[in-house]
Amino acid sequence: MIPFAHYEQSAAYLREKLGGFQPDILLILGSGLGDFGERVEAPISVPYAEIPHFRYSTVPGHKGRFVFGSLAGKKVAVMQGRLHLYEGWSPEEAVYGVRVMKLLGVSTMIVTNAGGAINLDYKPGQIMLISDHILLFPVTPLTGPNEERFGTRFPDMSKAYSPALRQLARQTAADCGVHLNEGVYMYFPGPQFETPAEIRAARALGADAAGMSTVPEVIAARHCGMEVLGFSLATNMAAGILDQPLTHREVMEIGAASKAVFSKLMLEILRKL
Ligand code: HPA
């Protein structure tokens, strides 16, 4: 178990760097969407590698740093690059940044990811508002002794994705003419893409999108009392739907192509928060 003192030391280092700036909203950006961090005004960038006890990411397309500053009038911390379990991090390590942000005073987390569309009505390039998730793998960050200073042993997940924030997201998407699907995100550990049989199973279970991130962070955020809003960008139809192989390149290309729409939606949501 990571000692609570490590989180405190990481937070203390950042507090010193931030000189009085205190973020309210944490944004974690997925594959291809990391550029959104470049829009932060009066940015203070801190590479993960510089922060005591912090682990950092290795995936192409992920920068591995925090950008603190102002976006649409809100005080934000942007994580450019997240830690995935397939890189070898434990679930506890993968959510380290979320917990450090809690200690800095963050109360809301907005997460984005790239995912495969399981729902046959979805199309690549469309954004899905995450209404709920399915986690069938034993990879929760809450395994082990419970850290009461973050939250309770058995946290409620019945409204993991804030109904109020989802309503705001729906309204904002409608106002700015962005098509928004809404559905269930199912976690797969990766790094291999799913098999067609796994995707059929996921659909039968009620999943609309598949992806390799987000759920550990959401569990940690809910455990420590943050409000959560999540989006999944469909970068491809999930395995077996089309007769073609899945590639990371496709994920990055659709991510890049959808950046403008995604940024517009996110900025409008931030403005209304
Ligand atoms: N499956 C899992 N993760 C993904 C996918 C997918 O099809 N596309 C982008 N991330």
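Things to note:
- Selection status of F188, within 14 Å of the ligand (Cβ to nearest atom), open to solvent by less than 40 Å² (accessible area, probe 1.4 Å) and of a type outside the set (D, E, K, R): yes
- Here region 98-146 is the region considered, the condition is being crowded, with 23+ Cβ neighbours inside 10 Å and among the small types (G, A, S), and the residue that is farthest from A201 (Cα to Cα) is A114.
- As a summary of the residue check, K264 satisfies the conditions (1) open to solvent by 40 Å² or more (accessible area, probe 1.4 Å); (2) at pLDDT below 95; (3) within 14 Å of the ligand (Cβ to nearest atom) except for the one numbered (3).
- Test: M237 is within 13 Å of the ligand (Cβ to nearest atom) and in contact with a strand residue (DSSP E or B) (Cβ under 6 Å, 6 or more places away or on another chain): yes
- Verdict on A201 being more than 10 Å from the ligand (Cβ to nearest atom), at negative phi, in a helix (DSSP H, G or I) and open to solvent by less than 10 Å² (accessible area, probe 1.4 Å): no
- Residues located in region 164-194, provided they are farther than 19 Å from A114 by Cβ and of a type in the set (S, T, N, Q): Q167, Q171, T172
- Residue satisfying condition, being of a type outside the set (K, R) and out of contact with any helix residue (DSSP H, G or I) (no Cβ under 8 Å at 6 or more places or on another chain), within set G64, G73, G37: G37
The values are calculated or read from the model by the stated rules, or taken from the named source; none is laboratory data. Remember, it's a predicted structure, so these values are computed and weren't measured experimentally. Virtual Cβ from ideal backbone geometry, glycine too; neighbours counted across all protein chains shown. Surface accessibility is based on the protein's heavy atoms, side chains included, excluding ligands, DNA and RNA. Shrake-Rupley method; radii C 1.70, N 1.55, O 1.52, S 1.80 Å.
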